[in-house]
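What follows is one structure encoded as C-alpha cells, with my remarks underneath.
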Amino acid sequence: MQPDRHAPSTLDMVQALLDGPAPVPQLSEIGKVTQVGDGVAIVTGLARALSDEVLEFAGGERGIVFDMEPGNLGVVLLGPSENITLGEEVRRTGRVVSVPTGPTLLGRVVDALGRPRDGMEPLDAAPLRPVEAEAPGILERAPVSRPLATGLKAVDAAVPVGRGQRQLIIGDRQTGKTSIAVDTILNQKDSGVLCVYCAVGQRGDAVAKVIGALREGGMMDRSVVLFAGDEEAPGLAHITPYAAMSIAESLSANGRDVLVVIDDLTRHAHAYRELSLLLRRPPGREAFPGDIFYVHARLLERAGQFTQAIGGGSITVLPVVETQAENLSAYIPTNLISITDGQIYLSPRLVRRNQFPAVDLGISVSRVGGKAQKRAFREVAGNLRVTLSQFEELEEFARFGTRLDAATRMRLARGTAIRAALRQRERDPMPAPEQLAVLVCAMQGLLDGMDERASTAAMDAIRAAVRADDGGLAERIASNQGLDEDSQAQIIETGRMALAAANGSGGARG
C-alpha cells in the first residue's frame, strides 16, 4: 500500500528555503577596550550606545555606560577589572541593568544583579525590573498616617517613624546604627511589613551577623538581603541601593508595606566618588562630584505612602550614614539630612555612659512621623522631651559641685531614672503597651534612686506584669485613644505591684 504523502527530499527543502523570505539582517556593534582602571574601563567603537546601557565583554563581565564622550565611553564595571584585557571586544545588549524582583526573593541573599549569595538555586524565573526608576509623582502619593513601630522606647515615643517616611540613622562608628535598623526589622514580625536589608561596603562577617539575627528572630522568611561587600567592584556597590528600591517597589505594587534599610550611604558615596574620580569627572567639595546630592535624592525619593492608583502600598526607608567626630556639617550628612524627613542621631557621649540605644533626643527629630504616632505615645512624648531637656541642663549645672536643695536633687533623680528607662537591650524590641508602661512608671517616680542593675530588673518586672495583664492598654493604643487619669493610675498601680512582688516587700520607691 502506497503512502499518501512522501517525505520532502533535501532538494525540496533547499528550494523552499530559497523561495522563502530572506532573513532580516541583524546589526551588531562591537567595540574594543582601550583602557582599564580599578573598576572602570574606556571603550571605543560603540557610537550608538546609550547612557546607563549594559555592555557585555568578551570574557563574560558586564559594565554600565557611565560617561559619554566623542569617540569614547566611560564604563563602570560590575565585576573585577582583572578579568578585562586591553583590546577585548565589547558588545551592546540594548537594555539597562535590571534585578530579579517579586515575592520569590523573600528569604534570599543576593547581589544587585540577582545572583545568589546563599548557595541556593538561581532566580531565573523571577521577573526583571530596572534598578533605576522614576519616583512616583505627587498625585500618586498619600499622606503618612500609619506608624511603623521600631520596638525601641526612645524612638517610638520621641522620634516616631511613619509608614512611607524616610528617617535617617546617623552617628559615629560603633554607636549602634545597624543595631537600631535590625531591631526595627525584628519588630515587624507581627506587623505584616516586608523588609529589604541592603548592605553596601560592609564586611562579610558583619552581614552574616545580621542574617543570623534575622533568622533567629523569625524575620528572614519575610526579608530580602542585598549584599555588596567591601571587596566588591565599586560599580556593584553603586547600583545596590537602587536594586533594593526596585525590589521594594515590586512588593509595594501589590499593596504591601515595605521597610528598606540601606547600610550605609557613606560607603555608597565613597564608591561613587571613586568611580567619578577614576573617570576624571571634576571633583567638588570633599572631592565628591557635583551630582552626589542628586544620586541620593533620586534614590530616596522613590519611597513614600502611595495611592491605590499604583498599588496602595508604602516604602519606608531607614538610610544609615556615618559621621566622624560628631561632625554633622560634613558634606554627605548635611545632604542626607536635607533629603530625608528626620534623623535619629546616635551620640558617642551617650555610648560612653553605657546608654543604649544612644539616641540623642536633643538633636533627633521626626518631621513626619508625629502625625502617624498613636495618641497615647504623643501624650507621653511631650513630657518626656521636656523633662529630659531640663534634666540635662540641671545635670551640667550640678557638675560644678554647687549645694543643691531637696527639690533639685529630686529632679536630678527623676531625670536619671527616665534616662535609664530609655535603655534597652539589643535584639529586644518591645511591644507598645510595655513601652508605655515603663515610661509612665519612670516619669511618675517609681524608678527614682535605683542604680542601673536595679532599674533594669524593675523594668523587666513591669514588662512581665503588663504581658500578663495590660488592663486594656493594647486596645486603647490600637484604637488611638489617649491615656486618661484612670488608665495612668492603673498603669502606675500595676507597676507598684510588680516592683513590690519583685522586691519581696510591701512597697516600691516613689
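Odds and ends about this structure:
- Distance from the Cα centroid of the stretch 413-450 to that of the stretch 49-64 is 55 Å (rounded to whole angstrom).
- Antiparallel DSSP beta bridges within the chain, as percent of all bridges there, nearest 5: 55
- Counting only whole DSSP H helices of the chain, the ones at least 15 Å long by C-alpha along their axis and with mean Kyte-Doolittle hydropathy no lower than 0.5 are 234-252, 432-443.
- Accessible surface of the chain [probe 1.4 Å, protein heavy atoms]: carbon and sulfur percent: 52
- Among the trypsin sites (Lys or Arg not before Pro) in the stretch 20-117, those placed in a DSSP loop whose Cβ has at most 12 other Cβ atoms within 10 Å are Arg48.
- Across the stretch 294-337, Cα-Cα pairs farther apart than 16 Å form 51% of the total.
- Surface per residue (accessible, 1.4 Å probe) for the stretch 246-398, Å²: 40
- Using the 1.4 Å probe convention, the accessible area of the stretch 33-90 works out to 46 Å² per residue with neighbouring protein chains retained.
- Qualifying lysines (Cα of each under 21 Å from Cα of Lys153; at least 8 residues distant if same chain): Lys177, Lys189, Lys371, Lys374
- For the stretch 97-195, the solvent-accessible area works out to 39 Å² per residue, with a probe of 1.4 Å and every protein chain left in place.
- Gap separating the Cα centres of the stretch 247-298 and the stretch 126-141, nearest whole Å: 16
- q = 0.10, 0.11, 0.18, 0.19 Å⁻¹: log10 I(q)/I(0) that the Debye formula gives for the stretch 296-402, counting C-alpha atoms only: -0.42, -0.50, -1.12, -1.19
The values are calculated or read from the model by the stated rules, or taken from the named source; none is laboratory data. Because the structure is predicted, anything quoted here is derived from the model rather than measured. Cβ: placed from backbone, ideal geometry, glycine included. Neighbour counts: every protein chain shown. Calculation scope for accessible area: heavy atoms of the full protein, side chains included, ligands and nucleic acids excluded. Shrake-Rupley method; radii C 1.70, N 1.55, O 1.52, S 1.80 Å.
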